[in-house]
Amino acid sequence: MDLRSFLKDNILIFDGAMGTMLQNRGLKLGELPEVLNIENPDLIIDIHRAYINAGCNIITTNTFGANSLKMNGSGYDTKLIAERAIKNAEAAREDKFCYIAYDMGPLGELIEPMGTLRFDEAYNIFKDQVEVAARSGVDCILIETMTDLYEAKAAILAAKENSSLPIFCTMSFEKDGRTFTGCSPITMTTVFQGLGVDALGINCSLGPKDIYPLIKEVLRYSKVPVMVQPNLGLPKFIEGNTEFDVPITDFVEYGKKFIDEGVRIIGGCCGTTDIHIKALKESLEGIIFRAVKPSINKSIVCSATKSVEVNGVKIIGERINPTGKKFLKESLLQGKLDHVLKEAINQVEAGADILDVNVGLPGIDEAFIMEKAVREIQSIIDTPLQIDSNKPKVIERALRAYNGKAIVNSVNGDEDSMKAILPLVKKYGAAVIGLTLDHNGLPKTVEERIKIAERILERALEYGIAKEDVYIDCLTLTAAAQQKDVMYTVKALGIIREKLKVNTVLGVSNVSFGLPNRPLLNKTFLSGCLMNGLTLPIINPLDEEIMDTIKAYKVLAMEDVESKDYVAHYSNIPKRNSIEKLEDSRKHKDENLFKIIINGLRLEAKSASLELLKTKSPLTIVEEDIIPALDYVGCKYEKGEIFLPQLIQCAETVKEAFDIIKEKLSREGSETICNGTIVLATVKGDIHDIGKNIVKTLLENYGFKVIDLGKNVPYEEVAEAVRNSKAPLVGLSALMTTTVKSMEETIKLLRKTVPQCKIMVGGAVLTEDYAMAIGADFYAKDAKESVRIAQTLFNKI
Ligand code: THG
């Protein structure tokens with residue numbers, strides 16, 4: 001029976017950890033587990049067999065890191081490693097009933113703009129692996145331990161476009177309920193099921209107890225089977241050994257609880273062995289499980305770190321649109337996006353929930369600019385985007401580049417339009433706006449518009465797009481030209497909402513083209529539309545009157561329960577003329593460096609710094625503008641208001657500013673901004689240096705001199721560097737449970753050779769207790785914390 005059919009009526013039990021089993025069998029520090037597929041196949045086959053004997057019905061190939069980035073330097077061809085790994089799994093299975101999942105873990109490098117790897121490069125690396133898997137007849141592709149939604153998307157697309165194998169994809173979450181790069185369970189679920197995976201869920205990082213509330217969230221939103229592979233808790237350091245803190249009884253008990261809640265695929269990650277899988281399997285014998293069924297059908301769109309549920313009125317900002325904006329037109333034609341980015345920031349600050357992005361102009365390479373705009377906007381703003389174009393090429397480029405679930409604006413009732421656009425919407429898991437017009441144009445009568453809406457919805461469903469992802473736009477006409485038709489739109493809107501129960505969209509500002517006092521017409525029209533069931537008005541959020549109308553409507557429609565927002569906003573606020581307010585807000589938005597940094601406007605940091613240097617000394621700029629901006633951003637990060645992508649974006653912006661400032665300093669040769677020297681290293685045996693690199697960027701931002709020794713650094717080299725540089729602080733990172741031991745060894749040597757140097761440590765599996773147990777002075781839970789540690793330490797000196 002193929003895996004997809006099996007999954008319909010059965011619980012799938014995965015194996016436990018490969019790494020833990022290898023360690024128990026003597027895997028040495030720094031050895032690559034994947035190489036053993038070739039060098040010691042019997043060992044790998046033996047482990048697979050132990051899991052099959054324990055009763056799992058799917059095993060995972062030993063290919064977690066078998067990608068060309070990580071295997072570079074292993075001495076073996078990556079494809080050969082993958083082929084052998086699959087052979088080993090097949091050899092262990094023999095003729096027993098057991099599926100084989102081809103494993104793909106993260107690449108170990110961050111994708112642009114957070115890192116330097118291009119999205120297409122990541123895609124191609126995954127594609128190479130998928131091709132091997134597809135050729136060899138495994139039963140599915142397992143993409144696991146992902147922490148970056150964008151990387152997961154690259155892997156899923158690679159699997160989808162180069163094989164027809166089922167795709168399972170799971171991410172790793174931290175205690176705060178987000179992945180390392182800020183993805184939430186809802187966002188993951190929304191994006192993965194949009195991309196058409198066969199199963200999704202959570203693995204690694206946390207123990208079953210901490211995963212439990214997160215998986216319940218996933219189950220609430222998922223329409224596809226949900227899967228869990230927990231760690232055996234966080235590793236603990238006991239008498240020189242790494243041990244995990246979850247007893248087997250808890251692991252099994254939670255296993256049952258997961259199945260009770262509706263999980264369909266279960267197994268173990270770090271720390272688990274065949275003993276755990278056997279116990280789990282036995283406890284699940286005869287258990288009654290739930291059918292896979294979505295509990296709720298919600299309309300959700302999202303960026304990488306923010307989900308917006310359309311459960312009432314949500315505001316779509318209209319301003320990234322060259323219509324009527326000379327400045328925007330000119331800069332777009334030159335390929336510049338600075339105005340687009342400013343429009344994005346202003347609209348979000350004014351309260352937009354979603355941003356429409358339209359860059360269509362005669363003589364422009366729309367697909368190219370659209371992709372660029374999507375990339376740039378999503379690097380500084382977490383508001384979900386709406387791709388405004390009717391050209392399939394433009395839409396596809398944008399959807400591919402978008403890190404989240406976008407809205408496509410738009411398709412219409414014409415068969416050609418639907419045939420071209422709807423498959424793209426389905427493939428990339430977007431939502432779509434259907435315009436009630438077709439090849440005959442916009443029908444006059446209300447009835448005909450409704451018929452077209454029904455046709456679009458029907459066709460969308462045929463393509464496998466969910467009803468809640470279809471939004472209908474009955475099209476606003478301009479009162480100046482087609483006065484008698486304005487009310488038809490309002491009527492059609494009401495009937496469509498009532499009859500089809502879909503969300504509705506309107507470009508509200510269209511109504512007032514060519515007439516004076518446009519805001520008055522806009523808000524009056526808007527008010528009527530809202531009363532008739534408009535849920536997604538496309539408006540100008542910088543127009544205060546129109547925003548006031550929405551706030552008022554939310555009170556009347558009981559969307560603003562107990563009028564809390566309304567009261568908070570309007571009580572005791574002296575009402576000013578809205579034009580004055582608009583002017584005011586524009587005036588305050590002078591482009592100073594502080595604002596540029598907190599908004600992550602990388603491209604503008606250089607010129608702003610040069611401008612500032614005309615009136616301020618370099619050190620004053622660091623003190624008055626840069627450090628306060630970094631502190632502000634750091635504070636928002638700590639509060640969970642922004643996430644890693646935004647933090648990095650701001651840090652990169654500061655880098656640009658620093659380049660200018662350093663240049664000036666070196667020319668003057670007098671002042672210095674060195675706050676002290678810090679040595680950083682990812683310890684021996686560990687090649688995961690993403691976290692260390694972020695720490696480096698941030699420390700440099702704060703004016704520290706960083707000596708970066710790189711990754712997989714021998715103990716002696718760390719000690720040597722500290723001795724030579726006389727650095728009072730060293731930072732060590734290790735991602736894996738296996739390499740924390742190596743961290744301890746490094747600390748031991750440092751204590752012996754450079755006892756005066758303080759040591760801070762960080763990494764995914766570390767905890768405060770663990771850090772202390774291996775003899776560190778400080779535990780840095782994230783990059784921001786490492787800055788605080790450095791500041792405290794160097795202030796004392
Ligand atoms: N339905 C859907 N999408 C749409 C529309 C729609 N997208 C485009 C448009 N209509 C909605 N967006 C706008 C954007 C700008 C204006 C009106 C609608 C506008 N611009 C001013 C002008 O042209 O004079 C310029 C404003 C300025 O300079 O500040 O009015 O109906 N699905």
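The values are calculated or read from the model by the stated rules, or taken from the named source; none is laboratory data. Only a predicted model underlies this, so the values are computations on that prediction, with no experimental measurement involved. No Cβ is skipped: glycine too gets one built from the backbone with ideal geometry, and neighbour counts run over all protein chains shown.
Observations
- The residues listed here are VAL761, VAL730; of these, the one that is part of a strand (DSSP E or B), in contact with a helix residue (DSSP H, G or I) (Cβ under 6 Å, 6 or more places away or on another chain) and under 13 Å from ASP686 (Cβ atoms) is VAL761.
- Residue check, THR305 farther than 30 Å from VAL359 by Cα and away from the ligand (no atom under 16 Å from the Cβ): no
- Of all residues in segment 232-245, those satisfying the criterion of being touching a Ser or Thr at 6+ places or on another chain (Cβ under 9 Å) and either closer than 12 Å to GLY207 by Cβ or crowded, with 21+ Cβ neighbours inside 10 Å (or both) are LEU232, LEU234, PRO235, LYS236, PHE244.
- Tally, over segment 692-727, of residues that are among the hydrophobic types (A, V, I, L, M, F, W, C), more than 17 Å from ARG751 (Cα to Cα) and part of a helix (DSSP H, G or I): 4
- Residue check: VAL228 meets all listed conditions (1) surrounded by 15 or more Cβ atoms within 10 Å (Cβ to Cβ); (2) part of a helix (DSSP H, G or I) but one, namely (2).
- Candidate set: segment 320-348, residues that are among the hydrophobic types (A, V, I, L, M, F, W, C) and surrounded by fewer than 16 Cβ atoms within 10 Å (Cβ to Cβ); chosen: the one nearest to LEU361 (Cα to Cα): LEU333
- Evaluation of ASP139 against the conditions (1) more than 14 Å from ASN67 (Cβ to Cβ); (2) at pLDDT 95 or above; (3) surrounded by 24 or more Cβ atoms within 10 Å (Cβ to Cβ) shows that the sole unmet condition is (3).
- For ASP356: the one exception among (1) in a strand (DSSP E or B); (2) within 30 Å of LEU110 (Cα to Cα); (3) touching a helix residue (DSSP H, G or I) at 6+ places or on another chain (Cβ under 8 Å): (3)
- Scope segment 527-558; condition more than 27 Å from ILE450 (Cα to Cα), among the aliphatic types (A, V, I, L, M) and within 11 Å of the ligand (Cβ to nearest atom); matching residues: LEU542
- Which numbered condition PRO235 misses (of (1) of a type outside the set (Gly, Ala, Ser); (2) within 16 Å of the ligand (Cβ to nearest atom); (3) touching a strand residue (DSSP E or B) at 6+ places or on another chain (Cβ under 8 Å)): (2)
- Among the residues making up segment 272-302, those that are more than 16 Å from the ligand (Cβ to nearest atom) and either aromatic (Phe, Trp, Tyr) or buried (at least 20 other Cβ atoms within 10 Å of the Cβ) (or both) are THR272, THR273, ASP274, HIS276, ILE277, LEU280, PHE289, ILE300, CYS302.
- Taken over segment 438-447, the criterion of being away from the ligand (no atom under 14 Å from the Cβ) and either surrounded by fewer than 18 Cβ atoms within 10 Å (Cβ to Cβ) or not in a helix (DSSP H, G or I) (or both) is satisfied by ASP438, HIS439, ASN440, GLY441, PRO443, LYS444, THR445, GLU447.
- Condition check for TYR212: outside any loop (DSSP other than H, G, I, E, B), within 28 Å of LYS306 (Cβ to Cβ) and hydroxyl-bearing (Ser, Thr, Tyr): yes
- Restricting the first member to segment 516-540 and to residues that are closer than 18 Å to TYR488 by Cβ and hydroxyl-bearing (Ser, Thr, Tyr), and the second to residues that are more than 10 Å from the ligand (Cβ to nearest atom) and in a helix (DSSP H, G or I), the beta-carbon pairs closer than 6 Å and six or more apart or on different chains are SER527/THR549.
- One residue stands out among those in segment 448-475 that are more than 16 Å from the ligand (Cβ to nearest atom) and under 28 Å from LEU521 (Cα atoms): the one that is surrounded by the most Cβ atoms within 10 Å (Cβ to Cβ), which is ILE450.
- Members of segment 311-349 found to be within 10 Å of the ligand (Cβ to nearest atom), under 22 Å from MET547 (Cβ atoms) and either within 22 Å of the chain's Cα centre (by Cα) or not in a loop (DSSP other than H, G, I, E, B) (or both), listed by number: ILE316, GLY317, GLU318, ARG319, ILE320, LEU328, GLU343
- Residue in segment 394-402 that is outside any helix (DSSP H, G or I) and at pLDDT 95 or above present: yes
- ARG375 fulfils the conditions (1) within 19 Å of the chain's Cα centre (by Cα); (2) within 16 Å of the ligand (Cβ to nearest atom) except for a single criterion, (2).
- Identity of the residue in segment 7-54, of a type in the set (D, E, K, R) and part of a loop (DSSP other than H, G, I, E, B), that ends up surrounded by the fewest Cβ atoms within 10 Å (Cβ to Cβ): LYS28
- Out of THR524, THR478, one residue alone is within 13 Å of the ligand (Cβ to nearest atom) and either over 30 Å from PRO423 (Cβ atoms) or in contact with a helix residue (DSSP H, G or I) (Cβ under 9 Å, 6 or more places away or on another chain) (or both). It is THR478.
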